[in-house]
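One structure is given here, and the rest of the page talks about it.
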Amino acid sequence: MNTQETQVKATLLNLLKNIAPDANFEALGETEDIRQALGIDSFDFLNFMIGINESFGVEIPETDYGKLMTLKDIIQYIEAHRT
Amino acid sequence: MTDFCMPSLGADMKTGTLVKWHVKPGDRLKRGDIIADVETDKGIMEIEVFEDCVIDELLLKPETEVPVGTVMAKIHSEVAKKVTEAKVPIKETAKEKHLIESTKPPVKTTVTSTPVTTDGKRLRVSPIARKLAAELGVDLTQIKGTGAEGAIQERDVRQAAALADKVEEPAIERPVEKPLETPAAPAKLPSSAEFQAGMRRAIAAAMSRSNREIPHYYLETQIDMSHPLKWLEMENQKRSIKDRILPVVLLIKATAKALTEIPELNGYWIDDRLQVEESIHIGFAISLRQGGLVTPAIHHADTKSLDELMAAMRDLIERTRGGRLRSSELMDATITLTSLGDIGVEKVFGVIYPPQVALVGFGKITEQPWAERGMLDVRSVMTATLAGDHRATDGIIGARFLQALNTQLQTPEQL
């Protein structure tokens, strides 16, 4: 993981901490299903998407939600789509 | 002058702890303004007034825990005063005393478990008496009714309350009656573990009552969600991420609109009869991160647009999880909706929240084989269930409701 990716990951974890403050982030692996691991519902997930949009300026169409299951997926998606 | 009493925020609430006053003597409040924060087993709630009024005296100190119905403050209603000044004859001045409490519709929900006499017979209680007893904190089982067949009436409750006041006034058990200067026993705000325990107690009380009293019937139906989801996807494409609508909002609106066709499922079972409610306030089950469940109401869901419903739901979830709900939201849901599809559950067999008479449950939307007109296709399918109170309605009403729900969902552009 390069520096930029590390920064993206740190921002993502911050967003998730606001959504699920009491979840165990130590245990969250990069290839783990975020929704399952953190107990995030569709409302929380929407807020996560809004956070990503605001932090990175990436527009995420609803049809892409299914591709964004893990931290790794999301980091790659952001890298590919950010302007 | 009028008493402002500790309200009951649902069938499961017995006591409340004043956290803080939002007002001071002399303040003028409009209907719906927040008078105080009260801590219950389900968190801190903002208590609203139900009439325009002026604060005369605050009787309760913060951090005091008191039973439901305890007088918290003395206020006077501007409306009532005007009426008196205009010399409009008021039959019973005592009525004024509870103007604030009695004008709110949902007091019906303050009814706790149906009281029985010591020999196990059901008590006959008039609705007004029952309401008044809940407001005044009078135990109905201790009253001898003077109405027909021993029915307890309003005057019996007033008499009992007056008697109890006389007996109990000197007792220290009522911190209520003390002026502010007297130190009242401080109730410490609960820790997380205590909150958990309290939340479980509250859920236990309401659900045990439901299981004990309500003969549930269950119906389920599979709904083809392909068209509504496709429609929503198109709608959401036009929107920025933060304005997108979640599929559950379609379910809320379709439920509300189906209830306008089948009103029998929207209301309360009180005094051995169904009271259909005109307004549709959907209690939306929201789970708390730390465990437990709250079902605050989305008011007038049938008349709100999808955008308004999404905003209302967002606001409600954020305030529920942040622990800042308003009293009215906890008191007046007319039906409950629960959606467990996010966790991958296929169907929900709900337990009705008394005195409501129905609960609608939604499971996960999954791709399934779907046969229609001799053709086999793959569709997005969801199971909707209805738990109905068989005292209030029969299965055919529930069946009509599920059918209406399906019809509503198949025309999402009209939701």
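The single residue among A:Y77, A:Y65 that is within 11 Å of the chain's Cα centre (by Cα), of a type outside the set (A, V, I, L, M, F, W, C) and more than 12 Å from chain B (Cβ to nearest Cβ) turns out to be A:Y77. Which of the residues that make up the range B:291-303 are of a type in the set (S, T, N, Q) and in contact with a Phe, Trp or Tyr (Cβ under 7 Å, 6 or more places away or on another chain)? Hit for the range B:291-303 is B:T295, nothing else.
Annotation note: of B:R379, B:R391, the sole residue that is over 26 Å from B:T295 (Cα atoms) and in contact (Cβ under 8 Å) with a residue 24 or more places away in the chain is B:R379. Screening the candidates B:L409, B:L386, B:L415 for the property of being within 23 Å of the chain's Cα centre (by Cα), of a type outside the set (D, E) and within 15 Å of B:I252 (Cα to Cα) yields one hit, B:L386.
The single condition among (1) under 30 Å from B:E235 (Cβ atoms); (2) within 14 Å of another protein chain (Cβ to nearest Cβ) that A:T11 does not meet is (2). Considering the range A:44-61, and only residues there that are surrounded by fewer than 19 Cβ atoms within 10 Å (Cβ to Cβ) and free of Cβ contacts under 8 Å to residues at least 24 places away in the same chain, the residue that is farthest from B:S240 (Cα to Cα) turns out to be A:F45. Just checking: which of the helices (runs of 4 or more DSSP H) contained wholly in the range B:146-238 hold 2 or more residues that are at pLDDT 90 or above? Once the helices (runs of 4 or more DSSP H) in the range B:146-238 are filtered for at least 2 residues that are at pLDDT 90 or above, what remains is B:192-213, B:226-237. Just one of the listed residues (B:E367, B:E372, B:E308, B:E346) is among the charged types (D, E, K, R), more than 24 Å from B:R201 (Cα to Cα), within 14 Å of another protein chain (Cβ to nearest Cβ) and more than 18 Å from the chain's Cα centre (by Cα), and it is B:E367. Of the residues that make up the range A:44-61, is at least one more than 14 Å from chain B (Cβ to nearest Cβ) and closer than 29 Å to B:S339 by Cβ? No, the range A:44-61 has no match at all. Looking at B:D56, B:D12, B:D3, B:D37, just one residue is surrounded by 21 or more Cβ atoms within 10 Å (Cβ to Cβ) and either in contact (Cβ under 8 Å) with a residue 24 or more places away in the chain or part of a strand (DSSP E or B) (or both), and that residue is B:D12. Here the range B:223-269 is the region considered, the condition is being surrounded by fewer than 18 Cβ atoms within 10 Å (Cβ to Cβ) and within 19 Å of B:I396 (Cβ to Cβ), and the residue that is farthest from the other protein chains (Cβ to nearest Cβ) is B:P263. When B:R319, B:R314 are checked against the criterion of being touching a strand residue (DSSP E or B) at 6+ places or on another chain (Cβ under 8 Å) and within 25 Å of B:S192 (Cα to Cα), B:R319 stands alone in meeting it. Selection of the range B:270-295 for residues being part of a loop (DSSP other than H, G, I, E, B), buried (at least 18 other Cβ atoms within 10 Å of the Cβ) and more than 14 Å from chain A (Cβ to nearest Cβ) yields B:E277, B:I280, B:H281, B:T295. Just one of the numbered conditions (1) within 11 Å of chain B (Cβ to nearest Cβ); (2) part of a loop (DSSP other than H, G, I, E, B) is not true of A:T31: (1).
The values are calculated or read from the model by the stated rules, or taken from the named source; none is laboratory data. Only a predicted model underlies this, so the values are computations on that prediction, with no experimental measurement involved. Cβ coordinates were reconstructed from backbone atoms using ideal geometry, including for glycine residues, and neighbour counts include every protein chain displayed.
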